[in-house]
Amino acid sequence: MTIATATITASAQSSNDFKYTEETFADIQMLRYQVTGFDQLSLRQKIYIYYLSEAALHGRDILFDQNGRYNLRLRRAFEAIYTGYQGDRSSSDFRAFTEYLKRFWFSSGLHHHYGSEKFQPTFSQSWFEEALRSVWTREKLQSLSAESQRSDEAGLQAFLKEVKPILFDPTVMPMRVNQKDGEDLILTSAENYYGEGITQAEAEEFYARRKAPNDPQPVMTGLNSRLVRGEDGLREEVWREHGLYGQAISKIIDCLLKARPYADNAQQQAVIDKLVEYYRTGDLRTFDEYSILWLKETQGLVDFVNGFTETYGDPLGLKASWESIVNFKDLEATRRTEALSANAQWFEDHSPVDPRFRKPQVRGISAKVITAAILGGDLYPSTAIGINLPNSDWVRREHGSKSVTIANLTSAYSHASRGSGFDTEFVIDEATRAMIRKYGDVTDDLHTDLHECLGHASGQLLPGTDPDTLGVYGSTIEEGRADLFGLYYMGDPKMIELGLVPDGEAYKAQYYTYMMNGLMTQLVRIKPGNTIEEAHMRNRSFIAHWVYEKGRGEKVVELVKKNGKTFVKINDYAALRRLFGQLLGEVQRIKSEGDFPAARALVENYGVKVDATLHEEVLERYARLNLAPYKGFINPVYTPVRDNQGTIIDVRISYDEAYDAQMLRYSRDYNDLPDMN
Ligand code: ZN
C-alpha cells in the first residue's frame with residue numbers, strides 16, 4: 001500500500017539553498033528532491049544504486065501501456081511534434097499542446113493521474129493533423145499505424161482516424177478507472193488491464209473460478225497479467241520475460257543482474273535472484289517467495305521496490321501497475337520508527353477494537369525512514385511518501401511487512417509549501433496556525449509512521465473471512481483503518497513516553513489539519529460537480545465527516561463562518577480522539593468480518609459526496625492563492641564515471657535536468673516496448 005501526501009501546510013525551517021521548486025503547469029507543480037547523503041555512500045553502494053535506478057527506469061513504458069492501450073503510440077506521436085514541429089511554436093495551439101503533453105507525461109497517459117478523468121485538449125483538431133503531418137515522414141512515425149506498408153499518407157490517415165476520437169471526443173474513454181457503483185466498471189474504464197469488450201461480470205466470473213477456496217496461502221490471482229479474449233474464451237497474457245511486456249522486463253532483469261554483485265549482503269542477492277526468477281516465469285508463487293525474502297531483508301543500507309505492485313489502477317483491484325523506488329536508510333529518523341516497532345504489541349493490545357479482531361502476536365513489523373534515490377513507473381513523477389509492502393494478505397499475516405516513510409520527499413513538500421499563503425487562508429486563527437507551525441512537521445511524519453508501521457499491520461480477519469469481500473471499498477476501508485490507528489495513537493500519552501512528540505499538545509496540530517483537509521481543503525482536488533473517487537481521499541473524507549456528524553450534539557467539531565468564509569473549529573480535542581477510536585473499532589469490525597454492506601454505507605454516505613456550496617467556496621478561495629494542488633518530482637541524474645578500462649570509479653549525481661528534457665531522455669533511452677502491443 002502507498003500513502004500519498006496528506007495535507008498542504010506550511011512549516012519547517014530550511015538552511016540550505018537547494019532548489020526544491022520548478023515549473024508549474026495546469027494543476028501541477030514540479031519539485032525536486034535532494035538525495036541527502038548520497039555523496040557519503042561507498043563506491044560499491046553508489047554503483048548498486050546506479051544499476052538499480054536503471055532497472056527502475058526500464059519499466060516506464062509498461063506503465064504507459066497499462067494506463068491505456070493508445071498511450072505509447074500517442075506519446076511517440078506527441079514527442080515527434082514537440083521536438084520536430086517547425087511551424088509557429090509560439091502559437092496558442094502549440095502552447096496548448098505543450099501543456100497537454102506535460103500533463104500526459106505526468107500521468108503516464110491520457111487521463112489525470114489522480115482523478116482519472118481524460119484530459120480535454122485545448123489545441124484544435126486541424127492544428128494537430130497539420131502538425132503531425134509535418135513530422136510524420138521525417139520522424140519515421142510509420143510504425144504507429146497498421147496501414148504503414150501502403151503509403152505515408154495512408155498510414156497517417158489511418159492513425160488519425162483511430163486516435164482522433166480518443167483524443168478529442170470527451171465521451172470516448174472518459175475515465176481511466178471508473179468506480180461508480182452500479183456501472184460495468186471494466187467496460188467504462190479505459191485502463192488496459194482487460195481486453196476490449198470484456199465485461200465486469202465475465203472478468204469476475206473468470207477470477208472467481210480460479211480462486212482456490214481453501215488455500216491458506218492464496219496467490220494474488222490476476223496480479224501480473226492482462227485478461228484478453230482468445231479463441232476459446234478468456235485467457236491471461238502474463239507479464240514476464242518472453243511474455244507481454246517481455247522486452248522491457250528483459251532490460252529490467254539485465255540491470256538487476258548488473259546490480260547484484262554490488263549488493264550490501266548475500267540476503268539482498270537472494271532477493272534479486274528470486275525477483276529475476278519471478279520476472280522470467282511470471283509465477284505468482286515465486287512472487288510470494290520473493291516478497292517474503294524481501295520483507296525479511298532489513299539489514300542492508302540500500303533497498304528497492306521493483307515490480308507489479310499496487311492495484312489502484314484496476315477497477316476490480318486485481319491487476320498491479322508497475323513501479324519502482326530505490327532508496328537507502330535515513331539512520332537518524334529510523335530511530336523514531338524503531339521505537340514504534342519495538343512497542344507494536346503494546347499498541348495492538350491497547351487498540352480500541354473488539355479483542356477478537358486484534359492480533360494475538362504482531363509479527364515482523366520493520367519500519368524505517370528512507371531517502372529516495374530514484375522514482376520509477378507508478379511512483380513517478382507523482383509519488384507516495386510512505387510504502388507498506390507486500391500486499392499479499394497471507395504473507396502479511398504469517399511473515400509481516402516492511403514499512404517505510406520517505407523523509408526526503410516529505411521534506412521537499414514541506415519546503416515547497418512554505419510561504420504559500422495556504423494556512424493563512426484556511427486555518428481558523430493565529431493560535432492554531434502557530435500550533436501547526438510548531439508541531440506540524442513532527443506530527444505529519446509521526447502520523448505517516450503510525451499509519452505505515454502499525455496501522456496496516458494491526459488487526460486480523462475472523463477465520464473464514466475472504467480478504468476480497470469488501471471489493472471496490474476494500475482500499476478505502478484499509479487506508480481509513482491505517483489512518484484512524486495513527487490518529488487515535490497520536491493523542492496517546494505513550495507518544496510522549498517514547499519521546500516521539502515533545503508534549504501533550506502536539507497531536508492537536510495533526511487533528512486540526514486532518515479535519516480541515518477531510519472536511520474542506522482536499523476538495524481543491526475535485527472538479528465542480530464531481531464526487532470523490534480516489535481511495536485515500538475517500539478515506540479522509542469518511543473519517544472527517546463521520547466524526548463531525550457523531551460529535552455534532554456536543555459540538556466537538558464545528559464549521560463556523562468568519563467574514564463569510566467557512567473554517568473548521570475544534571472545541572474538544574479529547575472528545576475527537578474518542579470518536580476516532582470509536583470509528584477505528586467499527587472500521588476494524590467491517591474489515592475483520594468482511595461486512596460489505598457496512599463498508600458501502602460508510603464510504604458512500606460519508607466518503608463520496610461533496611457539499612456543492614462548500615466546494616464552490618473552497619475552490620474559489622484556493623484559486624485566489626494561485627497554487628497547484630498536485631506535485632510531482634523530477635528525478636536526479638546519475639552519471640557513472642569510468643576509467644580507461646571502463647570500470648566505474650564514481651557515480652555523480654546532478655539536479656539540473658529540466659522536466660521536458662528528462663521525459664524526452666527517458667523516452668529515448670528506456671524506449672523498450674514496441675508501438676503496437
Ligand atoms: Zn496506507
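The values are calculated or read from the model by the stated rules, or taken from the named source; none is laboratory data. Just so it is clear, the model here is predicted, and its values are computed rather than measured. With ideal geometry, Cβ positions are generated from the backbone for all residues, glycine too; neighbour counts draw on all protein chains shown. Note: areas computed on protein heavy atoms with side chains; ligands, DNA, RNA excluded. Shrake-Rupley method; radii C 1.70, N 1.55, O 1.52, S 1.80 Å.
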Query raised in the report: Which residues in segment 105-134 have a backbone N closer than 13 Å to a point placed 7 Å from the Cα of Ala96 along the Cα-to-Cβ line?
Result: 120-129
**Report entry** Pair Arg138, Asp17: separation of 7 Å Cα→Cβ label points (nm)
**Finding:** 4.1 nm
Query raised in the report: Which listed residue (Val524, Pro597, Asn539) has the Cα farthest towards the positive end of the charge dipole for segment 481-597, taking +1 on Lys and Arg C-beta and -1 on Asp and Glu C-beta about the Cα centre?
Result: Val524
Query raised in the report: Rounded to the nearest 0.05, what FRET efficiency is calculated for Val560 and Gln361 with R0 set to 45 Å and r the Cβ-Cβ distance?
Result: 0.45
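At a threshold of 8 angstrom on Cα-Cα distance, excluding pairs fewer than six apart, so keeping six or more, what relative contact order does segment 528-666 reach in percent?
It rounds to 23 percent for segment 528-666.
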Query raised in the report: Between segment 470-505 and segment 102-126, what is the C-alpha centre distance in whole Å?
Result: 35 Å
Report task. Please report the relative contact order for segment 350-481, taking Cα pairs under 8 Å with a sequence separation of at least 6, and give it as a percent rounded to a whole number. Result -> 33 percent
Query raised in the report: To the nearest 20 debye, what is the magnitude of the charge dipole of segment 245-372 about its Cα centre, counting +1 on the Cβ of each Lys and Arg and -1 on the Cβ of each Asp and Glu?
Result: 100 debye
Requested in this report: Return the long-range amide H neighbours of Lys631 (sequence gap of 5 or more, or a different chain), with a cut-off of under 5 Å between placed amide H atoms.
Outcome: Gln29
Query - Carbon/sulfur fraction of accessible area - segment 282-323, other protein chains in place, 1.4 Å, % - result: 54 percent
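Once you order the gyration tensor axes a ≥ b ≥ c over the Cα atoms, which shape class does segment 595-671 get: rounded for a/c under 1.5, otherwise prolate or oblate by comparing a/b with b/c?
Judged from the Cα gyration tensor, segment 595-671 comes out prolate (a/c at least 1.5, a/b above b/c).
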**Report entry** Protein accessible area in segment 414-562, 1.4 Å probe - carbon and sulfur %
**Finding:** 50 percent
Report summary line: When every protein chain stays in place and a 1.4 Å probe is rolled, His415, His451 sorted by accessible area with the largest first are His415, His451
Report task. Take the alpha carbon atoms of segment 332-359, find their center, do the same for segment 134-166, and report the distance between the two centers in whole angstrom. Result -> 58 Å
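Greater than 30 Å separation of Cα atoms is the criterion. Which listed pairs, Lys258/Lys402; Lys140/Lys164; Lys319/Lys550; Lys359/Lys569; Lys329/Lys631; Lys296/Lys438, meet it?
Long pairs (Cα-Cα over 30 Å): Lys319/Lys550; Lys359/Lys569; Lys296/Lys438.
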Query raised in the report: Is the shape of the chain best called rounded, prolate or oblate, per the rule: a/c under 1.5 gives rounded, else a/b larger than b/c gives prolate, else oblate, with a ≥ b ≥ c the square roots of the Cα gyration tensor eigenvalues?
Result: rounded
Requested in this report: Could you tell me whether segment 75-178 comes out rounded, prolate or oblate from its Cα gyration tensor? Rule is a ≥ b ≥ c as square roots of the eigenvalues, rounded for a/c under 1.5, then prolate if a/b exceeds b/c, otherwise oblate.
Outcome: oblate
Report summary line: Here the FRET efficiency for Ala612 versus Thr83, based on Cβ atoms and R0 = 41 Å and rounded to 0.05, is 0.40
Report summary line: For segment 42-168, whose charge dipole is built from +1 on Lys and Arg Cβ atoms and -1 on Asp and Glu Cβ atoms, the candidate among His112, Leu74, Trp127 with its Cα farthest towards the positive end is His112
**Report entry** Unit charges on C-beta of K, R, D, E only; dipole of the chain, Debye
**Finding:** 720 debye
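Under a point-charge model restricted to the Cβ atoms of Lys and Arg (+1) and Asp and Glu (-1), what is the dipole moment magnitude of segment 483-619 relative to its Cα centre, in debye to the nearest 20?
That gives a dipole near 280 debye.
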Query - Inter-probe distance in nm under a simple model that places probes 7 Å from Cα toward Cβ, at Thr171 and Asp669 - result: 4.5 nm
**Report entry** Spin-label proximity, Ala201 to segment 143-187 - amide N less than 20 Å from point 7 Å beyond Cα toward beta carbon
**Finding:** 178-187
Report task. Can you sort Val271, Val172 by 1.4 Å-probe accessible area, starting with the largest? Result -> Val172, Val271
Query raised in the report: Expressed as a rounded percentage, what relative contact order does segment 296-417 have, with Cα pairs under 8 Å and six or more residues apart?
Result: 25 percent
Query raised in the report: Farthest toward the dipole's positive end in the chain, which of Gly59, Val353, Ile272, given Cβ charges of +1 (Lys, Arg) and -1 (Asp, Glu) about the Cα centre?
Result: Val353
Query raised in the report: Ignoring ligands, DNA and RNA, how do Lys251, Lys102 rank by accessible area with a 1.4 Å probe, largest first?
Result: Lys251, Lys102
Query raised in the report: Carbon and sulfur atoms: what percent of the 1.4 Å accessible area of segment 143-222 do they account for?
Result: 53 percent
**Report entry** Solvent-accessible area per residue, Å², over the chain with all protein chains present [probe radius 1.4 Å]
**Finding:** 38 Å²
